[in-house]
Amino acid sequence: MFDQLSERNYQRLAEVIHAHSGIRMPPAKRTMIEGRLRKRLRALDVHSLDEYCRILFDRDGLEGEFVHLIDAVTTNKTDFFREPDHFRYLAEEAVPCLRAERRAGADRPLKAWSAACSCGAEPYTLAMVLAELERGHHQGTPRISILGTDICTQVLEQAVAAIYPAEMIAPVPAEMRRRYLLRARDPERREVRIAPELRRHVRFARLNLMDARYPVDQDMDVIFCRNILIYFEKDTQQAVLKRLCRHLRPGGYLFLGHAESMIGGDLPVKPVAATVFRRG
């Protein structure tokens with residue numbers, strides 16, 4: 001039976017997680033964190049949570065273990081077509097406006113970035129929506145480029161594999177399922193995979209939103225950063241938003257989560273719909 005974290009060690013963990021990822025770890029999360037870390041202990045053959053902390057803090061193990069620590073404590077809730085009003089706005093309002101302004105450099109692809117993309121459902125949803133709009137606009141290969149980033153390496157591995165439980169695709173419209181999803185040959189597996197013709201437009205990379213600079217193009221047409229800012233303190237939220245805006249081209253759109261309706265500070269964007277902002 002694993003023991004519990006001491007008060008001191010939980011505070012040490014909370015401080016290092018907050019400092020490096022921006023994620024707050026209040027005392028109410030202690031039981032959840034203990035449960036998640038016990039899985040990591042089994043992988044390391046470590047027999048107590050406090051022994052794990054000794055490895056991190058007293059035996060210089062933090063640098064090598066940090067990625068696994070973040071993987072263990074981050075929450076990765078996601079769905080295809082989550083908050084569908086955003087994708088409706090993207091298709092009906094944002095993309096037509098972006099197209100109207102693309103007279104110069106018409107061969108340039110439409111570029112979208114899903115920050116905090118988790119296991120990939122959001123960037124693949126973006127790819128489906130944008131590919132469908134391209135199909136209706138012209139013939140040939142869709143001119144779209146989608147980037148998905150996250151701090152958690154485990155979810156990025158799933159995103160690259162692009163394999164999902166069949167029940168997860170329920171929100172995907174039937175026509176898009178037929179066009180962009182492949183079912184496993186073995187029906188007992190109840191899995192689907194994103195079709196290669198869609199996957200080729202989506203790439204993934206590890207990125208920590210707390211970093212001072214992001215290795216991302218600075219001419220994004222669309223940035224989705226949804227349901228991650230709620231885990232940050234107000235000053236961290238504003239710092240992240242300022243950095244995101246540097247990568248949004250003039251006229252580009254920023255989508256936040258519906259729980260993140262308040263956006264202030266000195267930001268070069270204006271609200272155009274519920275939790276949708278456009279750069280001037």
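Read the figures in this text as sums done on the coordinates, not as results from a lab. Predicted model only: the values in this text are computed from it and were never measured. Here the Cβ is made from the backbone with ideal geometry for all residues, glycine too, and neighbour counts use every protein chain on show.
A few comments on the model shown:
- Stretch gain in nm, segment residue 38-residue 234, where the contour uses 0.36 nm per residue and the Cα spacing is subtracted: 67.5 nm
- Toward the positive end of the charge dipole of the range 84-279, with +1 on the Cβ of Lys and Arg and -1 on the Cβ of Asp and Glu, the farthest Cα among 257, 225, 128 is that of 128.
- Each Cα pair under 8 Å and six or more residues apart adds its separation to the average, and for the chain the resulting relative contact order is 17 percent.
- GNM top mover of 120, 22, 35 - the chain, alpha-carbon springs below 10 Å: 35
- Estimated distance in nm for a label pair at residue 218 and residue 24, the labels positioned 7 Å out from Cα along Cα-to-Cβ: 3.3
- Relative contact order, percent, the range 7-73 [alpha-carbon distance under 8 Å, six or more residues apart]: 30
- Site pair residue 67 and residue 85 shows an inter-label distance of 3.9 nm when each label is modelled 7 Å from Cα along Cα→Cβ.
- Full-extension gain in nm, residue 258 to residue 6, via 0.36 nm per residue minus C-alpha separation: 87.1 nm
- Alpha carbon centroid spacing (whole Å) that separates the range 45-116 from the range 168-203: 21
- Tally of Lys pairs whose C-alpha atoms are under 28 Å apart, taken over the chain, 8 or more apart or cross-chain: 13
- Computed from the C-beta positions of residue 167 and residue 141 and an R0 of 51 Å, the FRET efficiency is 0.95 to the nearest 0.05.
- Rounded FRET efficiency, nearest 0.05, which uses the C-beta distance separating residue 189 from residue 267 and R0 of 51 Å: 0.65
- Listed candidates [x] 6, 24, 26, 19, 13, 9, 3, 0; [y] 6, 27, 31, 22, 11, 3, 0; [z] 7, 30, 36, 21, 6, 1 - label of the one calculated as P(r) over Cα pairs in 10 Å bins from 0, in percent: [y]
- Sorted ascending by nearby beta carbons within 10 Å, beginning with the fewest, 88, 12 become 88, 12.
- Here the label points at residue 101 and residue 48, each 7 Å from Cα along the C-beta direction, are separated by 5.9 nm in the simple model.
- Most fluctuating residue given options 48, 118, 21, as computed from a GNM of the chain linking Cα atoms under 10 Å: 48
- In a fully extended conformation the segment linking residue 60 and residue 206 would gain 50.2 nm over its present Cα-Cα distance, using 0.36 nm per residue.
- MRE, 222 nm, helices only [DSSP H, n ≥ 4, -39500 (n - 2.57), over the chain, to nearest 500]: -12000 deg cm²/dmol
- Relative contact order for the range 142-280, counting Cα pairs under 8 Å that sit 6 or more residues apart, in percent: 21
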